[in-house]
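Remarks on the structure that follows.
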Amino acid sequence: MRWRNRMEEELERDIEGHIAMETEDNMARGMSPAEARYTALRKFGNVARVKEETRSVWAWAALDTWYADVRQAFRRMRRSPGTAALAVLSLALAFVPSVTVFSVMDRLFLIPLPVKAPGEIVEIKFRDTRPNLNHPYVMVSYPDFQDLRQSLQSFSGLTFQFGQGAMVALNGGRAPVGVHIVSEDYFSVLGLPVQLGPGFLKNRPSLIVSHSFWMREFEGRRDTIGRTLLVNGFTFTIDGVASPEFRGTDRFLAPDLWIPIETWLQLQPGERGVRERRDVHDGTLWARLRPGVSPAQAAAEVESVCSELARRWPATNRYLSGFTYAPLADREKGGITRTSIGVILLGILLAVACANVAGILLARAEEQRHETAIRQALGGSRGRLMREWMVESAVLSLLAAALGLAGTRVLMNLLPGLLPSMLIPIHFEFSFGPRVWLYAASLVLVSALSFGLVPAWRGSRPDLLAGLRRDSAVSILRVRIPIRSLLIVMQVAAAEVLLFSAGLVLDSVSAVTRLDPGFDAHRPVAMAVVVATGEDGSLRQVDCEAVRERLARIGGVRRVAYGRSVPLSGAGGTPLRLAAPGQEPREVRGGFAGPAFLSTLGVRILSGRDLQAADQHAVLVNATLARQLDPAGNAVGREIRLDGAVRQIVGVFQDAKWNSVYDQPEPRAIT
């Protein structure tokens with residue numbers, strides 16, 4: 001600032017010195033002092049203009065002009081605070097949902113997994129070739145993974161994972177967490193970096209924690225590596241922290257821990273019996289292509305090897321054919337497509353707000369036509385006036401963005417509370433990433449240009465004839481249409497698009513609510529998940545019957561029942577091997593439940609009865625399985641084998657939706 005004042009003083013001295021020298025020359029020619037100075041000033045010209053022209057070549061001249069425009073914008077807003085507040089509020093109401101929704105889409109769809117060369121990663125799955133199946137795609141069992149890893153030559157590495165819950169002892173308490181049980185080469189095959197620590201070690205029970213778990217439970221301390229953690233009562237050593245970008249291969253359910261599968265099975269021998277069953281298809285198999293091997297060649301080899309497995313293990317793999325696809329590469333493309341659709345819809349919302357603000361500013365421009373005409377008559381250029389209007393638009397947009405970002409922060413803090421309550425909590429991190437800031441900046445720029453150009457163009461171009469008519473119009477196909485009317489039409493059209501889209505969503509939601517889930521959805525039911533653990537987090541058996549009796553004594557409770565899975569829980573059930581007289585053995589979905597379980601949930605018993613406390617070898621089957629066992633409708637009383645155990649059918653219940661409302665009926669048994 002002192003340097004600038006010094007330049008101003010030097011300019012003043014230069015001008016005065018030049019005028020003084022010219023005055024002395026005039027006095028030497030015989031003029032009086034007053035006449036000499038007057039003549040010198042006339043010869044020099046307009047002093048103020050010379051100062052302006054000189055300042056225009058100084059470096060800060062442009063900044064001064066913009067600063068003056070900003071002050072002028074605030075003066076205009078102070079003259080009409082109601083108009084400014086309405087414009088800022090209209091834009092902010094569009095900014096809040098736009099930035100919030102984009103931040104969620106950015107977290108779900110745009111952040112790429114830190115997988116090395118994701119185009120080389122494929123997932124291997126089975127397809128059940130039997131006709132009329134509800135879910136023909138089958139995941140991989142652990143024995144299938146071991147066979148495929150030994151036989152396939154088109155891949156440089158294969159890795160296996162399955163997810164489950166576990167209890168962790170932390171800070172004197174116990175908490176459920178999500179765990180991915182993986183093969184030891186999981187991180188190396190996928191090319192995933194470990195941010196901290198050496199990764200899995202073979203000389204001790206080892207695990208890797210997620211970055212969010214590390215920050216949440218250990219506050220990001222580097223001495224976490226080497227510490228022990230009790231998982232289901234077993235001691236593991238933390239030997240790695242995953243990178244912050246990697247939250248698992250699932251978009252929504254992120255694991256907290258990764259544990260090697262062989263370590264897990266050694267510590268829990270009872271789990272090995274389940275894992276070594278070839279019909280337990282609950283694992284995901286990832287494979288990385290060898291250099292020079294095309295996806296088509298790899299797919300052909302997978303199909304051939306899986307055909308060999310079907311011949312070798314006909315009891316479980318007879319109808320299973322193998323195939324490959326690239327979900328990680330498709331995930332990025334699909335994420336970009338979904339985000340693009342979302343951005344378009346959010347852009348329509350912003351267009352409605354911009355049209356509204358443009359109409360407000362255009363009305364004010366009409367009111368200031370007289371002032372604008374005077375300024376132009378005094379020499380103000382149209383470009384200068386348009387710049388003032390655009391600066392004011394930018395200021396309004398920035399104020400709206402600041403208010404909108406504050407509202408977005410409040411909304412993002414509230415979003416975790418809207419997530420469904422689950423046994424294993426969902427830790428979804430809502431934050432402002434670089435793309436979110438860039439999106440917010442683009443909203444400011446686009447909105448300022450969108451609602452500022454029309455008022456700036458009209459406000460800086462006063463037309464005497466239009467002013468007398470009090471009309472501001474454009475010509476479209478030789479028809480004069482008032483600009484404000486055109487803006488209103490655009491605003492209504494954009495609003496109609498949004499309303500139509502919202503109507504489609506509401507219609508879909510209404511259609512879902514009209515679907516029959518197979519149980520009484522209007523019956524008030526309270527559900528609790530009971531997990532018994534020791535002080536070290538080890539799992540203990542639960543006496544379900546004792547818990548049921550205690551809950552039944554609570555006032556207002558009519559019925560109490562227990563089971564391992566309930567309809568619409570997403571739990572497909574345990575695969576059971578079904579053998580019935582005169583029929584080919586096959587796999588059905590099964591579950592465990594206590595007395596009166598289905599009646600408590602409001603699932604209709606079509607024939608027979610519900611389970612009772614005295615039942616030892618009873619089983620309930622759904623209507624689909626009953627028709628397969630006895631098309632004549634006399635399934636009650638028949639004996640079948642489930643996993644080798646003889647069971648008698650005591651009741652047939654209505655087909656229910658267990659995974660989602662879109663499920664088609666599939667055979668199910670409850671013991």
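The values are calculated or read from the model by the stated rules, or taken from the named source; none is laboratory data. Since this is a predicted model, take the numbers as computed values, not measurements. Positions of Cβ are generated from backbone atoms using ideal geometry, with glycine treated the same way; all protein chains shown enter the neighbour counts. With ligands, DNA and RNA removed, areas are computed over all heavy atoms of the protein, side chains included. Shrake-Rupley method; radii C 1.70, N 1.55, O 1.52, S 1.80 Å.
Here the gap between T337 and E35, fully extended at 0.36 nm per residue and compared with their Cα-Cα distance, gives a gain of 100.8 nm.
Eigenvalues of the alpha-carbon gyration tensor of region 547-671, scaled by 5 and square-rooted, set the equivalent ellipsoid semi-axes at 25, 16, 13 angstrom, largest first. In a fully extended conformation the segment linking R221 and A329 would gain 35.5 nm over its present Cα-Cα distance, using 0.36 nm per residue. Compared with the alpha-carbon gap, the fully stretched path from E639 to R78 is longer by 193.4 nm at 0.36 nm per residue. Ranked by solvent-accessible area (1.4 Å probe, protein heavy atoms only, all chains present), the residues Y319, Y439 order from largest to smallest as Y319, Y439. Using heavy atoms of the protein chains and a probe of 1.4 Å, the accessible area assigned to K116 is about 140 Å².
Computed over the alpha-carbon pairs of region 100-190, the distance histogram in 5 Å steps reads 2, 9, 13, 15, 16, 16, 15, 9, 4, 1, 0 percent, short to long.
Peptides 597-605, 268-276, ordered by how many other C-beta atoms sit within 10 Å of their residues on average, highest first, read 597-605, 268-276. Spin-label model, L267 to S151: label points 7 Å out along the Cα-to-beta-carbon direction sit 3.3 nm apart.
Distance between the C-alpha centres of region 574-616 and region 220-296: 33 Å, rounded to the whole angstrom. Applying 1/(1 + (r/R0)^6) with r as the Cβ-Cβ distance of S212 and D630 and R0 = 45 angstrom yields a FRET efficiency of 0.30.
Rg and Dmax over the alpha-carbon atoms of region 175-319 stand at 17.8, 53 Å. At an R0 of 56 angstrom, the distance between the Cβ atoms of S607 and N413 translates into a FRET efficiency of 0.60. Distance between the pseudo-spin-label points of E245 and L11 (7 Å out from Cα toward the beta carbon): 5.1 nm. Most tightly packed first, judged by the mean number of other beta-carbon atoms within 10 Å of their residues, the peptides 104-113, 21-30, 169-178 read 104-113, 169-178, 21-30.
Once R0 is set to 60 Å, what does the formula 1/(1 + (r/R0)^6) return for the Cβ-Cβ distance between K202 and A552, expressed as a FRET efficiency to the nearest 0.05? After rounding to 0.05, the efficiency reads 0.75.
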